[in-house]
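Worksheet: one structure, shown below.
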Amino acid sequence: MKASLLFCAVAIVSTVAASSSAATSRPAARESSAGSRAAKQLLPTAVVPLRVQRLLKKRAPRAAYVPIRLPRGYHYDHHENLNRRGFDIFFRCCGENFAWIGFDADLVKRSEPCNQGTAMKAFRIDGVVVAWNAGHNDQHAWRCVRRGGSRLLLTVSGAASRDVGTSWRRPRELAAMVASARPIG
């Protein structure tokens, strides 16, 4: 019974999404207002709310990257440390046993290393190389983005895996989240 209700809910959501995208498609010549151009620059994803994307783009324009893929069950919770050099975004899951996932974007000076230490593994996901390492209590997946003379360090971090129920902490899943990060506008 629960499975059929779930399938019905998914069908309704996908139908609404398809009809809203079809209703909003119009020729590019008609879309000339500044509001519609600004909306088009934001990433059309529910991973990070659009209001937060707008704030990140306004306050940290050179560091404005957000992930578009999360481990299953995780959703946006809050952001912190928003300044011109970067920010932190936190995601959490539905269960109390799951730890937070932090996504950090930080502009790096030329004199600073653009990494999180020595990589234990490297992954190539969708053509993007992502490094990963782990300590006793936490693990990090990162990549360095060069953009317009700047270097931006994108990092996803979380607690180290301690039990079977925390499968999102597999290194490849953290790396996939970093690899999915895209600029806002």
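What follows is calculated from the coordinates using simple rules that are stated; it is not laboratory data. Here the structure is a predicted model, which means the values were calculated and not measured. Here the Cβ is made from the backbone with ideal geometry for all residues, glycine too, and neighbour counts use every protein chain on show.
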Whole Å is fine, so just give me how far the alpha carbon centre of the range 97-128 lies from that of the range 44-82. 16
Two-site label geometry, Arg85 and Val129: point separation in nm, points 7 Å out along Cα→Cβ: 2.7
Fewest-first ordering of Glu173, Glu80 by Cβ atoms within 10 Å yields Glu80, Glu173
Counting other beta carbons within 10 Å of each residue's own, what order do Met120, Met177 fall into, fewest first? Met120, Met177
Label-point separation in nm, Cys94 to Arg172, each point 7 Å along Cα→Cβ: 2.4
Give me the net charge for the shell around His79: Cβ to Cβ below 15 angstrom, other residues only, Lys and Arg +1, Asp and Glu -1. +3
Under a point spin-label approximation (7 Å from Cα along Cα-to-Cβ), what is the Arg182-Arg62 distance to one decimal in nm? 2.4
